[in-house]
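The values are calculated or read from the model by the stated rules, or taken from the named source; none is laboratory data. If you're wondering where the values come from, they're calculated on a predicted model, not measured in any experiment. Here the Cβ is made from the backbone with ideal geometry for all residues, glycine too, and neighbour counts use every protein chain on show.
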Amino acid sequence: MTKVLSNFLPTEMADELEEVFSSHEFPWFWRPSTTHGVDEGSEGSGDYQFVHIVYYDNEPQSQLFEIVRPLLFEFEKATSLAIKDIYKIKANLLPKQLLEDAEVEESIHIDIDKGDKKYISIVYYVIDSDGDTVIYDDKGVVKANPIKGDAVYFPSYIRHRATPPVLNKRRIVLNIIVELEVI
């Protein structure tokens, strides 16, 4: 069920998100790995990123939640899927990194191991960049190119990874995990 949504946000909304998350004053926080489960005190496995938690633990963690929330309404309109609850919203800034193939492969992960399709992961591309999202679904490998205003979504239990940019200085995405209404 991996699907790419092209230009599903109104231009003004996409521009606002780009302006906010690309600002040199934006509060990014360093993480030693692009995947969860790496001890904060460690240096990680080779890849690293900067994050900003927008929503987690059933409540907004950042004032930016109000700027990001309309994206969820646009997602529902574009897909006809009904969101029951938000699990997490996290902004990721993945800087240009030259990694060995083995280091990139180590970043393959799942977001939630629930084993059902009521949780989906949405990767929204804030800016144009290189550095595909690679999804390993039941139909094979799907690669989504980071194009501003696009998103890719898939069940949260599906293995996937981000590819660090090598041409652009950074790749900025919103990583959103939601629970869908079950009909």
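The set of residues from segment 124-154 being closer than 15 Å to Ile110 by Cβ, in contact with a Phe, Trp or Tyr (Cβ under 7 Å, 6 or more places away or on another chain) and not acidic (Asp, Glu) comprises just one member, Ile135.
Selection over segment 121-131 of residues that are without any contact (Cβ under 8 Å) to a residue 60 or more places away in the chain, buried (at least 18 other Cβ atoms within 10 Å of the Cβ) and more than 15 Å from Thr79 (Cβ to Cβ) gives a count of 3.
Can you report the number of residues in segment 136-152 which are within 20 Å of Val51 (Cβ to Cβ) and hydrophobic (A, V, I, L, M, F, W, C)?
Going through segment 136-152 one residue at a time, the tally reaches 3.
When the strands (runs of 3 or more DSSP E) confined to segment 1-86 are screened for residues that are modelled with pLDDT of 90 or more, those reaching at least 3 such residues are found at 3-5, 49-56. On the given criteria, is Asn145 of a type in the set (S, T, N, Q), surrounded by fewer than 20 Cβ atoms within 10 Å (Cβ to Cβ) and over 26 Å from Phe65 (Cα atoms)? No.
Would you confirm whether any residue within segment 127-149 is among the basic types (Lys, Arg), over 24 Å from Glu19 (Cβ atoms) and part of a loop (DSSP other than H, G, I, E, B)? Spell out the reasoning first.
Residues of segment 127-149 that are among the basic types (Lys, Arg), as a first pass: 139, 143, 148.
Applying the additional criterion that residues be over 24 Å from Glu19 (Cβ atoms) yields 139, 143.
From the residues that got through so far, the ones that are part of a loop (DSSP other than H, G, I, E, B) too are 139.
Checking segment 127-149: at least one residue is among the basic types (Lys, Arg), over 24 Å from Glu19 (Cβ atoms) and part of a loop (DSSP other than H, G, I, E, B).
In segment 127-141, the residue that is modelled with the lowest pLDDT out of those that are in contact with a His (Cβ under 9 Å, 6 or more places away or on another chain) and more than 21 Å from Leu71 (Cβ to Cβ) is Asp137. Restricting attention to segment 161-179, the residues that are at pLDDT below 95 and crowded, with 18+ Cβ neighbours inside 10 Å total 5. Taking the criterion of being within 23 Å of Ser22 (Cβ to Cβ), within 15 Å of the chain's Cα centre (by Cα) and part of a loop (DSSP other than H, G, I, E, B), the residues of segment 154-183 that qualify are Thr163, Pro164, Pro165.
The one condition from (1) crowded, with 19+ Cβ neighbours inside 10 Å; (2) part of a strand (DSSP E or B); (3) modelled with pLDDT of 95 or more that Leu94 does not meet is (3).
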